[in-house]
Amino acid sequence: MNRKFTRRRAVTSAAALVGAGLFSTAAGVPSGAYRIDLHAHFLPPGYRASLLSHGYFTIGGYPTPDWSPESALDFMDRYGIAAQALSISDPGVSFLRGAEARDMARYCNTYAAGLFKSHPTRFGGFAVLPMPDVAASIAELEYALTVLKLDGVVLLSSYDGVYLGDPRFEPLMAALDRHNAYVFVHPASVSQDSKPELPLPDFLYEFTFDTTRAATMLMYTGTMRRYPRIRFQLAHAGGTIPFLTYRLGVLSKTGAADLFPPGVPRPSAFDVAELVKTFFYDTALSPAATDLRSVLAAGQQSRVVFGSDWPFSQLTLTGSGDPQPELNQTFTAGDRLEVERANALRELPRLAQAVGS
């Protein structure tokens, strides 16, 4: 695919939408139901019931929310969101094992595909996999993408303390690469015996650190070089990856070779900087200029996408209008149409066709 051409076409179409009067940009702020939400979660009834029965009354320290298609549509209508690509949040289905995990993944993925039929222009979906069972995950991946026609895959940053990029996950990465898959990387809660005892919920800060660990492993283990067709979206503006881009390349400098553990590849500072540019970054809980200027300095605007983190953000999004007015500190109205709509639809062709882009 000619990325230059598709990006130009996406930006042009965003400008055309304004010119055609579909969206108002009064005072430099876009309005209307134009947003495509690539960080939005769903909790089908059977999945939520299973979470609660296994003691998951909070997720990352946040009370496990209620969810329904009707409440999601109400939220989208209030905040100018045309469609959401739904995903299962932490803990995925990894709190189950064996057939239970496989069945729950199939249930969630089939539920998402059902929304394509009941609400064809409003929902997309990322497949949850029965990780850390790699063989079962590859089988579910094939079914979800080829039969159910889901738009991509959601993976947690780690499973049982093993991070993405670990050799144990290599067969799955190869399968994702064969499918040219769009992969949303969502942070996982760190186990209680692996983190300091601080009186704050994981979602506040630990989630960002776990995303950073996963992304660093994907770069340093060579996973991204071996499987360049996988498109990784990092939640919450990439955790701390943009800020750490220079630091992550320090070990490549002369005199630092002895600091590398045996068997760990030694990417150059240039390699790290280039790989950071290939990630997609969402704006969920990270719309401020302090976050996004770092993303733009290290990454590319064409790879920034809108994310609401709903329903886990529902305590802060109780009204209507612009869900992230802070984006105006960084982007023009035209930029916002690119970030909040065109970039997502360029990467997810089924959803683009469904919403009529």
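The values are calculated or read from the model by the stated rules, or taken from the named source; none is laboratory data. In this text, all values refer to a predicted model and were calculated from it rather than measured experimentally. Counting neighbours? That spans all protein chains shown, and the Cβs are built from the backbone with ideal geometry, glycine included. Heads up: the accessible areas ignore ligands, DNA and RNA and are worked out on the full protein's heavy atoms, side chains in. Shrake-Rupley method; radii C 1.70, N 1.55, O 1.52, S 1.80 Å.
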- Query: Just the Cα atoms of segment 51-110, one point each, no solvent: what log10 I(q)/I(0) does Debye give at q = 0.22, 0.24, 0.28 Å⁻¹?
  - Reply: -1.03, -1.11, -1.21
- Query: So for segment 269-357, what percent of the C-alpha to C-alpha distances run longer than 16 Å?
  - Reply: 58
- Evaluate the relative contact order of segment 80-129 (contact order divided by residue number), counting alpha-carbon pairs under 8 angstrom at least 6 apart; express in whole percent. 55
- Expressed as a rounded percentage, what relative contact order does segment 203-243 have, with Cα pairs under 8 Å and six or more residues apart? 61
- Task: Skip the ligands, DNA and RNA, and give the accessible area per residue of segment 143-194 with a 1.4 Å probe, whole Å².
- Result: 37
- Message: Cβ neighbours within 10 Å, averaged per peptide: list 222-235, 34-47 in order, most packed at the top.
- Response: 34-47, 222-235
- Note on the structure: The Kirkwood hydrodynamic radius of segment 120-159, taken as the inverse of the mean 1/r over all distinct Cα pairs, in Å, comes to 10.7
